[in-house]
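Computed from the coordinates by the stated procedures, all read-outs in this text should not be read as laboratory data. What you see is a predicted model; the values in this text were computed from it and never measured.
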Amino acid sequence: THGDLSKRVHYLKGEEGGYQEMCEISEKIYREGMEDGIAQGIEQGIAQGVAQGIAQGKLESQKETVKSLAEIGMAVEDIAKAMKVSAEQVQEWLSESESPAE
């Protein structure tokens with residue numbers, strides 16, 4: 001009821017015990033929010049890391065396949081068709097594989 005609510009608000013705002021209770025509740029809400037935010041951030045970070053790792057692995061596999069096909073004498077245009085990438089992309093990957101590692 002309105003009277004009960006009024007008494008509760010008066011207690012929380014005006015009494016020392018009420019003030020302490022309000023602080024504890026606020027701290028609990030803040031802490032839970034931080035924990036939820038951290039957990040969500042970790043989860044998103046892991047998901048992004050996995051996705052990036054998969055994409056990087058796929059790219060490295062494509063580059064290795066291009067290099068292998070070139071080593072057996074396949075023409076750049078044919079490699080591009082087989083790999084479903086542009087001839088320019090094939091040339092770029094081949095030039096990367098010829099560059100000394102830093």
Legend entry - Residue-by-residue Karplus 3J(HN,Hα) for region 36-43, coefficients 6.51, -1.76, 1.60, Hz, glycine and proline x: 4, x, 5, 4, 5, x, 4, 4
Inset, instruction - May I ask you to derive the relative contact order of region 12-91, considering only C-alpha pairs under 8 Å and at least 6 residues apart, and to give it as an integer percent? - result: 14
Legend entry - Column: log10 I(q)/I(0), Debye, Cα scatterers of the chain, q = 0.15, 0.17 Å⁻¹: -0.80, -0.86
Legend entry - Hz values of 3J(HN,Hα) by residue in region 57-74 - Karplus curve (6.51, -1.76, 1.60), Gly and Pro given as x: x, 5, 4, 4, 5, 4, 4, 5, 5, 4, 4, 5, 5, 5, 5, 8, x, 6
Legend entry - region 17-33 - phi-based ³J(HN,Hα) in whole Hz, Karplus 6.51/-1.76/1.60, Gly and Pro as x: x, x, 4, 4, 4, 4, 4, 5, 5, 4, 4, 5, 4, 4, 4, 5, x
